[in-house]
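Q: Just dropping this structure here.
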Amino acid sequence: PGLDLLQLESEISGLIKPWETQLRELLRIQHPGEEGTQLYEHYVPLMPSHYRARVEAVEALENIQYLELLTDEEKIQFDLKPFTLPSPLVGSVSLLYIYSKEKIHLIRIMPVLQKLGLHVIDQLTTRIGNDEKTLGFIQSFRVSRNDGIKIDEVRYKPLLDAIVQHVYQHKTENDPLNGLALLANLGWREINVLQLYRNLSLQLSAPLTRETINAVLLRHPQCSRVLFETFACRFSLDPSFGNLVYRKEVLLPQKKQEFFECLEKVQQVTDDDVLRRLYELIENTLRTNFYLPKDADETSISIKLDSRKIEQMPVPVPFREIYVHDVGMEGTHLRFGPVARGGLRWSDRPDDFRTEILGLVKTQQTKNVVIVPVGSKGGFVLKNTPATREEAISESQNQYRRFISAMLEITDNLDAQGQVQTPSHVLSYDEPDPYLVVAADKGTATFSDIANEVSEKYDYWLGDAFASGGSVGYNHKREGITARGAWACVMLHFKEMGRNIQTEPTTVIGVGDMSGDVFGNGMLQSKMLLLQAAFNHQHIFFDPDPEPEISWNERKRVFDLPRSTWSDYSSDLISSGGGVFERYAKSIKLSSQVKTMLGTDADSLKGEEVVRLILQMDVDLLWFGGIGTYIKTPDQTHYQVGDQANNSVRIDTSECQMKVIGEGANLGLTQLARIDLANNGVRLNTDSVDNSGGVNMSDYEVNLKILLQQMLRSGFIKSKEERNNLLASATDEVSEFVLANNRGQHRLISMDCIRSSRNFRLFRKLITHLQEQGMNKRSEFIPSRGELDQLEQVKMPLPRPVLSVLMAYAKMEVYDALTSSNLPFEDELTKTYLEYLPPILFSHFGEKINDHPLKKEIVSTVLTNKITNQAGSTFISRMAKVTERSIPDIVRTYLVLEASLGAAEMRENLYEMHDISESERYEVLIELEDVLKMLVRNVLNSQTNPPGFEKIEEYHALLCDLQELPANSTPPENSAGDLTVEKTKLEENETENQSFPRSVDAVRVSLRRLRLAPDVMQLCSNKDMEVSAAFRIAESVEHTFGFDWLRERLVELEPGNDWELEFQDILLCTLDTNKLGMLEVLLAAHTSKAIKEKDFSSLLKPLEARNSAQLYGYVQSLDQVRAGSSITMTSIAVILSRLDFLKNISPKT
C-alpha cells in the first residue's frame, strides 16, 4: 500500500539501462548541447572496462568534471566525500580522489596524506586512456583520521585540497604540521606561520628536536590554534580586531589568558615549555608581511622580533631580528642597533645557520667600531640545493631575491621629504626603523647588484646604497683597501721594531695566491718583500732566494691575470730549487735549497707535511690572505678550532718562529693562539683590527650614496651618472680616511700596551667594567684572574689581541652613550661631521651637505674613535667613575680642552718628527693625553656645569700665554722642592749639552709646564690673575710643598688590587684639593697688588707664622719619605693628612 509504481518503474529502468547510456544522459543534462556529446566522445571510449564495472555513472560524471579542470598550471585536482558503499568501516571512512594528467606514484602521494594525519586503508588507480594517449589518472583512496574521528568532508575539503595542491605546486612543504588542518582547522598559510616559529625556535639552540616540537603542536591542537589566533590578533588587517591600542589593551590580554588556560590542560613539562617558547616568540613579534596582498608565487613569510625581550635568545642578543620562512629557503638577519650593517651569506648549515651567523657577528661587532653602523649579519640556507653548480648558483640568487624582498616588505621607508613611511598592510609594534643595509659575504660576493635591484623595485630610500660593493661603488680588489689597511698595521709593527719594511728586505711566508684580493694586493705593497713560500687550497709555492724587484714584477703580472693560480707564475723567474707544487700531492721532492729553508732533512714529503713546515719557518712576516685557521695553542683541540678542512696542516704556537703576523684574512689563527704568541714576543693585532678596511670603505660607500641620493632628490645633482662620477672622484680621499682609521687603532693598541705595563690594575678594572656592560669574558677569551695575576706579577702588558677586544667594547659603550644623547647635534660639532666627508664633496656642495640622515651616528662614530684612539681605552670609563659625570659631558669637556690646548697641532707635529723612535713618539703622545686627562678631571671636579664650546676661546688664550712664558721665569724657591730643582737643572744641562737639540724635547718641556695648567686656570678664572703671576705662584706652591714630586711618585706606584686603584684616585684628588686649599689660603691673606709685587717667601710668611707647627710636620714627613728607599700609598696618605689643617682656616683670616 502507498507504493508509487511510476517511481519504481523509473528506478528499475535506470538500473537496467546500460552504463554508457546513463552517463551520456547525465552529461547531456549537466552540459547541454554539443558540449555534453563532446565530453562523452572524448572520455568514455578511453575508460577501461574495470572502471565501468566498478564506478557508477554519477561518479564517472564527477570524475570527468574534475579531469576537465586539469591544466598545465593546475596539474592536480582533489575531492573528498563520504564513503557510502556498505562496509564495516563506513562510519569513519571517507573517499579521497586525486586527479592528475601524469601519474603520481604512491611513494610521492602517501607521505603527503600521512602528514595530513590520514590513515590510508586502500587505494585504486585508474588510467583514462589507450595505447596511444592518456587523458589523466584518477586515484581514489579510502581514508580515515589517525585519531579515528569521523571527517567532516564539507568542512575540511577546502583545507586539505589547498594543502595537497600547494605541496605539488611547491608552494608549501610536506610537513608534519599539515596535520593541524584536521586537528586545529588551520589552512596551509596559517600552518606556515607555525612552521616559521617552530624553525626559529630550533635555530635559537633550543634543547629540543624538530620531531619533539611537531609532536607537541599536534598533541595540543587547541593550543596550536590559539598560537595562530594570537598572531592574527596582533597583525590581521580585519577591521573587526580594532586599532592597535584596542588590541594591546583588550584583545591580546584576552588571548594571553586563553592561551594560559589551554596550558592548564597540558600535563607534560616538556610540552608546556615548547608551547611557552613559541608563545613568547609570537608575543614579541613586531611586524610581519603575512597579510600583504601577494601573487600566488610569493610564499615567503617574514617577521621582525624584539629580540631583547625574548628570554630564550642566546647571547649576544641582537637589537632586532628579521626571520624569513619560505618553501625553498630559510633565513635570518641580526641587527645590533638601529643603524647597523654587515654581510648576508649563503650558508651551508641548515640545522644551525643562525648559530653560524651569531658567531660571525661577534667579530663584526668588534670590526664595526671604526664605522658608523654597529654590527649586523644575516644568512640564508637553501632547502633544495640543485645537483650542478650552475643550477645551485641560479637557485641561490633566486632565493636571495626572495629573502631580500621579504625583509624589505616589513622595513620602513623614507619619502622625498625624509618622513618615515611604514609599509602598507603591515601593522607595526615598534618605533620607526628605516635603516636596513646589507653587504656581500660568503657565497654572495657577486649578489650586491641583485640586492640593489630589489631595493629599487621596492623604491627603498637607499636605492643602490642598500648593498655596498655593486657595479656602482668602490671595488675593494681594485682599490686593495683591505690589504692596504692591514699593511698599514704591518708597517707600524716593523716601525716599532726600528725597521722600515718598505725599504729593507723582508722575508715573508703567506696563505693565499696572487688572484686573491687580500693576498694579491698585500704582496704588492712593498717592492722589498722576499716571498719565500706560500700556499692555498690548490698549490704550494717555493722561491728560496727571491730577487725583490724581479719577484715583485712577476707577482704583479700574475695578479693582473684573470683567475690566475700559482701555476701561472713563471718558473724561469723562481730562484734555484723553488717551484710550484700540488698541495695534496702524495710526494713532493725537496731541493737542497728548500730543505735548508724548511729546516728538514727529508728528501720528499707529502704536500700537507710541507705546508706545516712552511708555517714553522723563521721569517719576518706571516701574511694571512686566504681562508682557514692554521695556528692554535697546544691546549686547544682541532675540534675546538672549528676548521676541519685544515686539521692536518695546523700547527701549535710553540712551533711558530715568525716575528710579525698580518691578518688580512679572517680567523687565520685562534684568539688564544694570538694571545699566546703576543705574550711570547710576536707582533700582531686581531683580524678585526687588521682587515677592517674593507668594511670601513663599504660603510663610506653607503653613507656617501645616501648623501648623494639626497642631493639628487633635491635637484643639486642632475643625474645618476653625475652622482656616480662624484662618488668615484672621492675614492682616494675615502681610501686615506680608511687607512687613517687602521693606523689610529693600531697606535691605540700600542699605547695601551705601554699604559697597561705602567698601570695594569687600571686595565683589570676596565675588564670588570666591560663585563658589567655585557662583554662575555669567556667567549672573548679574556685572560682568567690567575692569568692576569701572572702578567701583573712579571710586569708584562696586556697582550695586543686582548687590548684589541677591550678597545672595541670600550668604543661600543661610548658610541651607545653618544647616540643616546643630543651632543652630536650641537652646532659646534658640525665641523666634526664635515671632517668625516671627503673634501671634494664639501667643495662641490658646501653647506648643502649638512643634513645627512645619519648625522648623529656619523658624529658619534668620529668622536668615539678619535677620543678613544687618543686617550686610550680606559679613559672614558675611568673618568666617568672618578668624576661621576656622564659620557657626553666627559666627551664635550675633552673636546673643549683639546681645542683650547691646541693638542691636534701638537700631535700632528709629533707624527711629522723623523728624528725620534716610534716608542718615544708614543711616550710623548701619552704625556700629552695625561695633561689633557688632568685638565678634564680638574674642570669636571671643580665646576658644577661642564664647560661648553664657548669656553674654548677663553681657555685657549690662557693656555697659550702659559706655554709662551719664558723658560725658568720663576725659579723654584726653598724647602721641599730642592730635589726637584736639582733634577730640573740636571735635565736642562743635558739638553744644553746636546749638539743637536730635538723638537721633541721642547714638546716635553712644554708638557711638563702644562701640568700646572689646572691651577693656573683656577687662579685666572676665580682670582682674576694674570697668567704669569698665576703660574709663578702655582709653580712655587708645587715645588715648595713637593706636590709635583708627590704626584709623580703616586702615579708611578702600581696598584696591587682594585682597592689600591681606588685609593690612588682618592689620593690624587686629595693632593689637588690640598694644593688648591693652600693657594686659597695664601691668596686670601694678601691684596692683588701685594701678590704681584711680593716674592713667594713673603706671601708664605703669614701662613708660616700662624701654622708653623703644622707646616713643619708636613715638611718633616715629606723629607722623611724622600730620604727613605721606598714610598707607599699609605705614606703619601699620611703626608697629605698633615695638611688637613687647611680645611679649618677661613680664607678671610
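Please treat every number below as a calculation from the coordinates, not as lab data. Remember, it's a predicted structure, so these values are computed and weren't measured experimentally. Glycine gets a Cβ as well: all are built from the backbone with ideal geometry, and neighbour counts include every protein chain shown.
Q: What list of ³J(HN,Hα) couplings, whole Hz, do you get for region 1066-1075 from phi and the Karplus terms 6.51, -1.76, 1.60, once you set θ to phi - 60° and write x for glycine and proline?
A: Rounded to whole hertz, the list is 4, 5, 5, 5, 4, 4, 5, 5, 5, 5.
Q: Right, here's the next one. Quick check: from the Cα gyration tensor, does region 10-114 come out rounded (a/c under 1.5), prolate or oblate?
A: Oblate.
Q: Pop out the ³J(HN,Hα) list for region 901-911 in order, Karplus 6.51 cos²θ - 1.76 cosθ + 1.60 with θ = phi - 60°, rounded to Hz; leave Gly and Pro as x.
A: Result, rounded to whole Hz: 7, x, 5, 4, 5, 5, 5, 4, 5, 5, 5.
Q: Relative contact order, percent, of region 314-414 when contacts are C-alpha pairs under 8 Å separated by at least 6 residues?
A: Rounded, it is 30 percent for region 314-414.
Q: Which of the trypsin sites (Lys or Arg not before Pro) found in region 310-387 are loop residues per DSSP with 14 or fewer other Cβ atoms within 10 Å of their Cβ?
A: Sparse-neighbourhood loop trypsin sites (Lys or Arg not before Pro): LYS383.
Q: Packing-wise, with mean Cβ within 10 Å as the measure, how do 647-654, 423-430 rank, highest first?
A: Packing proxy ranking, top to bottom: 647-654, 423-430.
Q: Show me, for region 505-514, the HN-Hα J-couplings you get by feeding each phi into the Karplus relation (A = 6.51, B = -1.76, C = 1.60, θ = phi - 60°), rounded to Hz, glycine and proline as x.
A: Karplus-based 3J(HN,Hα) across region 505-514 equals x, 9, 7, 9, 10, x, 10, x, 8, 6 Hz.
Q: Right, something else. Nearest 20 debye, what's the magnitude of the dipole of region 498-682 about its Cα centre given +1 on Lys and Arg Cβ and -1 on Asp and Glu Cβ?
A: 220
Q: By the gyration tensor of its Cα atoms, with a ≥ b ≥ c the square roots of the eigenvalues, what is the shape of region 538-594: rounded for a/c under 1.5, prolate for a/b over b/c, or oblate?
A: oblate
Q: Quick one: which residues, 5 or more positions from GLN421 or on another chain, have an amide H under 5 Å from its amide H? H modelled 1.01 Å from N in the peptide plane, none for Pro or chain starts.
A: Here the answer is ASN413, LEU414, ASP415, since their amide H atoms fall under 5 Å of that of GLN421.
Q: Another question about this same structure. I need TRP566, TRP1059 ordered by Cβ neighbour count within 10 Å, fewest first.
A: The fewest-first ordering by Cβ neighbours comes to TRP1059, TRP566.
Q: Using per-residue counts of other Cβ atoms within 10 Å, averaged over each peptide, order 1100-1113, 686-699 from highest down.
A: Descending packing order for the listed peptides: 686-699, 1100-1113.
Q: Moving to a separate point now. Give the shape of region 298-471 as rounded, prolate or oblate, defined through the alpha-carbon gyration tensor: a ≥ b ≥ c are the square roots of its eigenvalues, a/c under 1.5 means rounded, and otherwise the shape is prolate if a/b is larger than b/c and oblate if not.
A: Details: a/c = 1.37, a/b = 1.16, b/c = 1.18.
Here region 298-471 falls in the rounded category.
Q: Given H placed 1.01 Å from N in the peptide plane, which residues other than close sequence neighbours of ILE121 have an amide H under 5 Å from its amide H?
A: ARG142, VAL143, SER144
Q: Another question about this same structure. So if I place +1 on the C-beta of Lys and Arg and -1 on the C-beta of Asp and Glu, and nothing else carries charge, what would the dipole magnitude of the chain be about its Cα centre? I want it in debye, nearest 20.
A: So the magnitude is around 1440 debye.
Q: Moving on. Which pairs break 31 Å Cα to Cα here: LYS527/LYS705; LYS81/LYS255; LYS309/LYS362; LYS477/LYS866; LYS103/LYS457? Walk me through the intermediate numbers first.
A: Numbers: LYS527/LYS705 35 Å; LYS81/LYS255 35 Å; LYS309/LYS362 20 Å; LYS477/LYS866 28 Å; LYS103/LYS457 40 Å.
Pairs exceeding 31 Å: LYS527/LYS705; LYS81/LYS255; LYS103/LYS457.
Q: Which option, (i) 36.4, 127; (ii) 39.2, 147; (iii) 36.5, 140, is the value of Rg and Dmax of the Cα atoms in Å that was calculated from these coordinates?
A: Only one option fits the structure, namely (ii).
Q: How do 123-132, 931-940 rank on mean C-beta neighbours within 10 Å, highest first?
A: Details: 123-132: 13.5, 931-940: 21.8.
So the order, starting with the most tightly packed, is 931-940, 123-132.
Q: Sticking with this one: So for region 498-682, averaging the separation of alpha carbon pairs under 8 Å that are six or more residues apart and normalising by length, what relative contact order in percent results?
A: 21
Q: Additional query: Angle check, please: helix 1027-1040 long axis (alpha carbons) against the longest principal axis of the chain (alpha carbons), in degrees 0 to 90, nearest 10.
A: 80
Q: Now for a different question. Have a look at the DSSP beta bridges in the chain and tell me what percent are antiparallel, nearest 5.
A: 70
Q: I've got another one for you. Which pairs break 29 Å Cα to Cα here: LYS157/LYS294; LYS248/LYS383; LYS383/LYS442; LYS556/LYS811?
A: Check vs 29 Å cut-off fails for LYS248/LYS383; LYS556/LYS811.
Q: Given charges of +1 on the Cβ of Lys and Arg and -1 on the Cβ of Asp and Glu, with all other atoms neutral, how large is the dipole of region 254-369 about its Cα centre, in debye to the nearest 20?
A: Once rounded to the nearest 20, the dipole reads 780 debye.
Q: A further question on this structure: Working from the alpha-carbon coordinates of region 334-433, get Rg over Rh, Rh being the Kirkwood radius.
A: 1.03
Q: If you restrict to DSSP beta bridges whose two residues both lie in region 498-682, what percentage is antiparallel, to the nearest 5?
A: Taking every DSSP beta bridge within region 498-682, about 35 percent pair in antiparallel fashion.
Q: Give me the percent relative contact order of the chain, please, defined on Cα pairs under 8 angstrom at least 6 residues apart.
A: Values: 1725 pairs, mean separation 64.2, N = 1149.
In percent, rounded to a whole number, it is 6.
Q: Mind listing the long-range amide H neighbours of GLY129? Cut-off is under 5 Å, sequence gap 5 or more, other chains count too, H placed in the peptide plane at 1.01 Å from N.
A: Distant-sequence amide H within range of GLY129: LEU135.
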